[in-house]
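Beneath this line is the structure, given in structure tokens, with notes to follow.
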Amino acid sequence: MSRLLGAIVYNWPLKLMALALATLLYAGLVFSQNAQTRPVSVPIVAANQPAGTILISALGEVSDIRYFVTDQSDVTFTSSNFSAQVDLAQVQAGPESQSVRVVVVSADPRIQVLAATPAFVSVRLEKVEPKDVPVVVIPGAVPDGLEIRPPEQSLKTATVRGAESDIARVVQVRAIIPIDTSGIDIDRDFPLSPVDELGERVGGVDVEPSSVRVSVVVIKDETTKTVPIVPAIVGNLGEGFEVARVSFSVPVASLEGDSADLAEITTVRTQPISIEGRTTDLDTAVGFDLPQGVAAVAPQQVVVHVFVRAVTASRTFNAGVVPTGQRADRVYSLSIGQTQVTIGGSPAHLDELSGAALTVSANVAGLDVGTHQVTLTISVEAGLSVLAISPATATVTVTSAVAPSASAAPGG
């Protein structure tokens, strides 16, 4: 008995390993007999793509799956039961492709995926780069009998975004503008396409904004017309100032456009000319405010001179007349005691004046005994001017002062 027991336990670790291996091989045999392979069409999707990158290579799809079903009852096998993805979290952006394992899972827990074709795919990531490029608007062929003005566009530049290698090829974004035989003016949005230096479209690139507003004047019956120039003055001058007059480098402008568009035009206004807060003259070159379909031929700009002056008014006051420069031994008699003084200046300054505060002078210095005509004068503060004094002269009679009698006794 002991010999039998010894034989059983002899080298028992190896015997246990042999038993486990046999069990595993048996299970694998059974498992392999139940495993199946079927064709499928499961798109491979990317997961955990690093921010700021774009996937260059196509991932394709899983074409067949080897699987094992734990419970055969009521199992429906379709491609929609599976999903396939590649994890891009560890993939670095660069010029080289990298191999990444394809992971396929089933939505039905009874279906266990053993393998899939392909098991790996090559992927390449590139950094997403923005770049500002010019916006170019290209009119299409112009039908016979029509002419067009140069297009006006709402954008001069746009931003393109995409893979670094694609963005490097983009030199501009273009909008092609077809010209209709109807001769109708164009004013609408057109899509922008990124192109390389050969004019070929570059795919996989986004444009921001994606469109440009374009206006094109289409002319069917072109004619010209010369009309006077009218200034468009806007704003208010500084307080106390006014526009004296406006002059132009040329008085008229020649306009060009459809005869129907020009028929109602009798003058041409300039672009707005601001005089806000000014107290001095203004010289400026401006264009014209023209309706759609009309263009200025000569000149395309005009030099405008705005003459600015202080606002003035005048007011007449009654002012007293007094002699100045008298001698103590003379007596002076004036023919008038008051005169009218007309003073000019800003209304604000004139409002501060009153006749009672004004004094007109009759200078009698150096006059001898007798009758004399003296010119009247008055001084006013800065910013005011004397426009007239009426009458402007006064008659001054000069006599000797009578000295008191020496024999007269005080209190006498």
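A compact table of results
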read-out	value
Among D261, D221, D368, residue whose mean-square fluctuation peaks in a GNM of the chain (springs only between Cα atoms under 10 Å)	D368
Nonlocal amide H pairs with L376, under 5 Å, H built at 1.01 Å	T393, A394
Estimated translational D of region 211-347 in µm²/s (Stokes, Kirkwood radius over Cα pairs; 10 °C; 1.306 mPa s)	80
The chain - share of DSSP beta bridges that are antiparallel (%, nearest 5)	85
Calculated from backbone phi, Karplus (6.51, -1.76, 1.60) coupling profile of region 311-327 in Hz, x at Gly/Pro	6, 10, 9, 9, 8, 9, 10, 8, 10, x, 10, 10, x, 10, x, 5, 9
Relative contact order (percent, whole number), region 143-229, Cα cutoff 8 Å, 6+ residue spacing	42
Given charges at Cβ of Lys, Arg, Asp, Glu: the chain dipole, positive-most of V136, S390, S259	V136
Dipole magnitude (debye, nearest 20) for the chain, charges at Cβ of Lys, Arg, Asp, Glu	1400
Where labels lie 7 Å past Cα in the beta-carbon direction, separation of F120 and V103 in nm	1.7
Built amide H within the under 5 Å cut-off of L114, gap 5+	R66, Y67, F68
Highest-MSF residue in the chain out of V75, V308, V133 [GNM, Cα springs under 10 Å]	V75
Cα gyration tensor shape of region 105-177, rounded if a/c is under 1.5, else prolate or oblate by comparing a/b with b/c	prolate
Among (i) 154; (ii) 491; (iii) 127, the entry derived from the coordinates for volume of the Cα convex hull per residue in Å³	(ii)
Where labels lie 7 Å past Cα in the beta-carbon direction, separation of R38 and I184 in nm	5.7
Length added when fully stretched, S274-Q340, from 0.36 nm per residue minus Cα-Cα	19.6 nm
Under the Karplus curve 6.51 cos²θ - 1.76 cosθ + 1.60, θ = phi - 60°, whole-Hz ³J(HN,Hα) for region 258-270, x wherever Gly or Pro sits	4, 4, 5, 6, 7, 4, 8, 8, 10, 9, 10, 8, 6
Per-residue HN-Hα couplings for region 178-191 [Karplus 6.51, -1.76, 1.60; θ = phi - 60°; Hz; x = Gly/Pro]	x, 9, 7, 5, 5, x, 6, 4, 10, 7, 7, 8, 10, x
Signed unit charges on C-beta, dipole axis of the chain, positive-most listed residue T224, G325, T371	G325
Accessible-area composition of the chain, carbon plus sulfur, in percent [1.4 Å probe]	53
Alpha carbon centroid spacing (whole Å) that separates region 216-274 from region 332-384	51
The chain, relative contact order [Cα under 8 Å, separation at least 6], %	9
Accessible area of region 62-177 divided out per residue, in Å², using a probe of 1.4 angstrom	55
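The values are calculated or read from the model by the stated rules, or taken from the named source; none is laboratory data. Being a predicted model, the structure only gives us computed values, none of them experimental. Ideal geometry is used to build each Cβ from the backbone, glycine not excepted, and the neighbour counts take in all protein chains shown. Side chains are part of the model used for accessible areas, which takes the heavy atoms of the whole protein and leaves out ligands, DNA and RNA. Shrake-Rupley method; radii C 1.70, N 1.55, O 1.52, S 1.80 Å.
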